[in-house]
Amino acid sequence: MLAQDLLRHFERILHADPLIDEVGFLHPTQFRSLGCGQDGDSDSSPQAPEFQYEYFWCREHKLAISSEILPELYRAARDAYYNSRNDSSQAAQLMSHTKALLILCPDMLTAWNSRKMVLSEKYDLAKLMDELQLCVLILSYSPKNESTWSHRRWVLKQVAEQHQDMAELVEKESVLVKELAERSKMNYRAWRHRCWLIPYMTRKQVLDELKKSTKWSELHVADNCCFHYRRSLLLALLDSRLENGEDSLTWESETYQLWKDELRWDEILIRRYKGRESLWNHRRFLSQWWIQKFLALEDTCPSTTSQVDLFITQEIGLLSECLNDHADEFEESRVQAELSALYILWISKQVPVVKRKLEERLHFVSMGRLKDVLVRACRPEKLRPWMNLLGLADQSQ
Amino acid sequence: MKITALLVLKPSTSGAGSSSSGCGSGPEAVVLANATDVSHFGYFQRSAAREFIVFVARTVAQRTQPGQRQSVQHEEYKVHSHNRNGICAVAFMDDHYPVRSAFSLLNKVLDEYQKDFGDSWKSATADGTQQWPFLTDALTKFQDPAEADKLMKIQRDLDETKIILHKTIESVLARGERLDSLVEKSSDLSAASQVTLSLLCLVNDRFDFIQV
């Protein structure tokens, strides 16, 4: 009986303040230290004040639940949900119970699906927006919860079917992901969500997103997720179709310039933050497309070779700089040397046409062959797998 | 990359590192200035985080000898401390902030502190409660290590004392000292925070236990 009262009270709080944006499950000791009571929402307190102060705390749209009642509360929510699930006349009840249940246990896919069923019956933008708010609430304490992200995508899809203009919504999603990424590092799921939104963006928006995520990447060079997002944006630019009144030539040169800037920017970061794998991964991607897409574009033009040569000279220059950097106590230089050697190796494998040029250039600056570079830069225990994997060991024997 | 806190402390001189732990609290460092940003913590974890930062800063500063530079790894954080002639600057950063930039920042903080307050710190016996605007600004400005890099270029000729790296906070403690007994004794941590901290370590950002 008590458990059901708790649940009723919990649902009442959620109903009374639809703007709750953060929830915390607190140990009773910490809960007591919060000090009691709700200051604004007095409408719900007369009914069950004893729960109010003992187990729930809600202020400034932040909700705390004492962890000692969680098992009971969860069981009550689950039972209430099962009882109302098959009765279609109780849609409002069902929504209320699933909301309570999902806040306690966001991986309960059945409950998410029940919500989807109710929501699909009739398109209601306001209800769908409430749904987004519920997702925010859950993500506030469980930012990597895939079920929640997946539900969020479903909701956005419903909205996109009815609305042509997604610009504003996409913008809001971007802000949300950025905020969550601040709080939870390497949150692949959050960034994946942002990548998922790219098809809903206009070309202008894609460019804006690129610009806006620059600073974030600079401050989080260890987090590959944001670089992955940038790669997705850049690819979207390559794929995007011309809209009316756009000139393909200016567009191409714009993308060309963008790529060039990205390469230069990445190089600056590589010099600033030594030994960061994500930066070198980003470079692999950029270089591969750069050679294949942009430098090959000018196939007919006689200067093609010199363009590729120029690029290779530059990259070998970077390699030699990394290899010759003096060692330090933090191991950064050693890692940097290894990553740079692997980068060159990767390019030679991925874009076989430039392999010969690379070797020539290495020879020219008297760094020997690719194999020698590897021997010099890689840790002995890593060397064998690399050589084997890349088939270099065979050639050298 | 993220700087969570910058502090200036005065380690107590009566037997730094207190080898005679065991009973009673040993000498503790005095906090002269503190700038902390806990906005990236969950709302309900912020006060515990704030208390914890002061506690760790005191513990590490007290165990950093004059002239010494140390970096302590604590979970995904690095605590850097630099004691220059008895005054100690401590920074809380995430793992990825370049170590060298971190120490040039600490150097800068100590320079500025002595410029602004002279030697008044020598007589300090209680924690300072006033905000020091420079430190608050520095916390924002130097979130970007590129800014700290600029400092490094100016300070290039400065001392190159070797930085001692510790893999855990326990390895900073003197022989016979234990972290949990320090936690228990500390007046910086409320009972609630101690619980939150142990919970945080256990559950981190997942709350799987609810499904049980």
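The values are calculated or read from the model by the stated rules, or taken from the named source; none is laboratory data. In this text, all values refer to a predicted model and were calculated from it rather than measured experimentally. With ideal geometry, Cβ positions are generated from the backbone for all residues, glycine too; neighbour counts draw on all protein chains shown.
Does the stretch A:161-173 contain any residue that is more than 14 Å from every other protein chain (Cβ to nearest Cβ), in a helix (DSSP H, G or I) and under 11 Å from the mean Cα position of the chain (by Cα)? So far as the stretch A:161-173 goes, no, none of its residues is more than 14 Å from every other protein chain (Cβ to nearest Cβ), in a helix (DSSP H, G or I) and under 11 Å from the mean Cα position of the chain (by Cα). Could you check, for the stretch B:69-78, whether at least one of its residues is of a type in the set (Gly, Ala, Ser) and within 14 Å of chain A (Cβ to nearest Cβ)? Within the stretch B:69-78, one or more residues are of a type in the set (Gly, Ala, Ser) and within 14 Å of chain A (Cβ to nearest Cβ). For the stretch A:189-216, residues that are in contact (Cβ under 8 Å) with a residue 24 or more places away in the chain, within 14 Å of another protein chain (Cβ to nearest Cβ) and under 24 Å from A:Glu267 (Cα atoms) total 2. Screening A:Ala92 on (1) over 24 Å from B:His40 (Cα atoms); (2) within 14 Å of chain B (Cβ to nearest Cβ) shows it passes everything except condition (2).
Yes or no, residue by residue, for (1) among the hydroxyl-bearing types (Ser, Thr, Tyr); (2) more than 27 Å from A:Leu26 (Cα to Cα):
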{"residue": "B:Arg50", "(1), (2)": "no, no"}
{"residue": "B:Gln65", "(1), (2)": "no, yes"}
{"residue": "B:Asn83", "(1), (2)": "no, yes"}
{"residue": "B:Phe92", "(1), (2)": "no, no"}
{"residue": "B:Tyr97", "(1), (2)": "yes, yes"}
{"residue": "B:Ser101", "(1), (2)": "yes, yes"}
{"residue": "B:Asp119", "(1), (2)": "no, yes"}
{"residue": "B:Thr129", "(1), (2)": "yes, yes"}
{"residue": "B:Phe134", "(1), (2)": "no, yes"}
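Elements of the type helices (runs of 4 or more DSSP H) sitting completely within the stretch A:174-254 and holding at least 3 residues that are outside the structural domain of A:Leu139 (by the TED database) and farther than 20 Å from A:Glu146 by Cα: these cover A:203-219, A:224-239. Of the residues A:Ser142, A:Ser150, A:Ser114, the single one that is among the small types (Gly, Ala, Ser), away from chain B (no Cβ under 14 Å) and closer than 23 Å to A:Ile13 by Cα is A:Ser114. Taking (1) modelled with pLDDT under 90; (2) under 30 Å from B:Val72 (Cβ atoms); (3) surrounded by fewer than 16 Cβ atoms within 10 Å (Cβ to Cβ); (4) touching a helix residue (DSSP H, G or I) at 6+ places or on another chain (Cβ under 7 Å) in turn, A:Lys355 satisfies each apart from (2). Checked against the criterion of being within 24 Å of A:Gln90 (Cα to Cα), surrounded by 15 or more Cβ atoms within 10 Å (Cβ to Cβ) and of a type in the set (Ser, Thr, Tyr), the candidates A:Thr148, A:Thr110 yield just one match: A:Thr148. Residues that are out of contact with any helix residue (DSSP H, G or I) (no Cβ under 9 Å at 6 or more places or on another chain), under 20 Å from B:Leu165 (Cβ atoms), more than 13 Å from chain A (Cβ to nearest Cβ) and at pLDDT 90 or above occur at least once in the stretch B:51-61. Which residue out of A:Ser150, A:Ser114 is at pLDDT below 95 and under 26 Å from A:Asn83 (Cα atoms)? Answer to the selection: A:Ser114. Would you mind stating whether B:Leu6 is more than 14 Å from chain A (Cβ to nearest Cβ), out of contact with any Phe, Trp or Tyr (no Cβ under 7 Å at 6 or more places or on another chain) and either at pLDDT 90 or above or crowded, with 22+ Cβ neighbours inside 10 Å (or both)? So B:Leu6 passes the test. Within the stretch A:319-366, the set of residues being closer than 30 Å to B:Ile163 by Cα, small (Gly, Ala, Ser) and in a helix (DSSP H, G or I) comprises A:Ser320, A:Ser333, A:Ala337, A:Ser340, A:Ala341. On the stretch given as the stretch A:70-85, residues that are of a type in the set (S, T, N, Q) and surrounded by fewer than 17 Cβ atoms within 10 Å (Cβ to Cβ) total 1. Residues considered: B:Arg46, B:Arg100. Of these, the only one that is at pLDDT below 90 and under 16 Å from B:Leu165 (Cα atoms) is B:Arg100. Filter the stretch B:118-143 down to the residues that are without any contact (Cβ under 8 Å) to a residue 60 or more places away in the chain and surrounded by 16 or more Cβ atoms within 10 Å (Cβ to Cβ) and list them by number. Within the stretch B:118-143, B:Phe134 is the sole residue that qualifies.
From the list A:Gln38, A:Gln52, A:Gln47, the lone residue that is modelled with pLDDT under 70 and in contact with a Lys or Arg (Cβ under 7 Å, 6 or more places away or on another chain) is A:Gln38. B:Trp132 meets the conditions (1) away from chain A (no Cβ under 14 Å); (2) hydrophobic (A, V, I, L, M, F, W, C); (3) closer than 17 Å to B:Ser81 by Cα in every case but one. The failed one is (3). Checked against the criterion of being outside any helix (DSSP H, G or I) and modelled with pLDDT under 85, the stretch B:141-153 has no qualifying residue. Just a yes or no: is a residue in the stretch A:153-167 of a type in the set (Gly, Ala, Ser) and either under 21 Å from A:Pro18 (Cβ atoms) or touching a helix residue (DSSP H, G or I) at 6+ places or on another chain (Cβ under 6 Å) (or both)? There is no residue in the stretch A:153-167 that is of a type in the set (Gly, Ala, Ser) and either under 21 Å from A:Pro18 (Cβ atoms) or touching a helix residue (DSSP H, G or I) at 6+ places or on another chain (Cβ under 6 Å) (or both). Checking B:Glu112, B:Glu28 one by one, the residue that is part of a helix (DSSP H, G or I) and either in contact (Cβ under 8 Å) with a residue 12 or more places away in the chain or more than 14 Å from every other protein chain (Cβ to nearest Cβ) (or both) is B:Glu112 and no other.
Out of (1) within 11 Å of another protein chain (Cβ to nearest Cβ); (2) at pLDDT 90 or above, the odd one out for A:Leu7 is which? So the condition that A:Leu7 fails would be (1).
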